[in-house]
Amino acid sequence: MSSNMKKTYEELETSDELKARGFRRIKRRFQPKKGEMTLKDCQVITEVRIDADLYNFLRSKSENSGERSIEKLLNAILREKFEKEEAGKLTA
């Protein structure tokens, strides 16, 4: 984050005991309502081990595309495979 950008939060009422300990309550910036988010919209942090040659391939593809990170590229490849398999299940 650049030095001229400041995080601003709307602070909520915090008990005196917690204030004394240095805590504060802040209002979340975004809280989706039930049904607004799907699993496709959410991401899970995970660690995956892949072969070095595949990693180098993904890295070179992401560098050539300019804006895409390796994670986004890998997500797009896996999503395409997933959607093809799901479409196959529907027709079978």
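The values are calculated or read from the model by the stated rules, or taken from the named source; none is laboratory data. This one's a predicted model, so the numbers in the text were calculated from it and none came from an experiment. Cβ placement follows ideal geometry from the backbone for every residue including glycine, while neighbour counts extend to all protein chains displayed.
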Original post:
Restricting to segment 25-74, what's the tally of residues that are surrounded by 12 or more Cβ atoms within 10 Å (Cβ to Cβ) and touching a residue at least 12 places away in the same chain (Cβ under 8 Å)?
Top reply: 8
**OP:** Among the residues of segment 29-85, write down those that are small (Gly, Ala, Ser) and not in a loop (DSSP other than H, G, I, E, B).
**Re:** Ala52, Ser60, Ser62, Ser65, Ala76
**OP:** Confirm whether Leu90 is exposed (fewer than 10 other Cβ atoms within 10 Å of the Cβ), of a type outside the set (S, T, N, Q) and out of contact with any Phe, Trp or Tyr (no Cβ under 9 Å at 6 or more places or on another chain).
**Re:** yes
Original post:
In segment 6-28, which residue that is charged (D, E, K, R) and part of a loop (DSSP other than H, G, I, E, B) is modelled with the highest pLDDT?
Top reply: Arg21
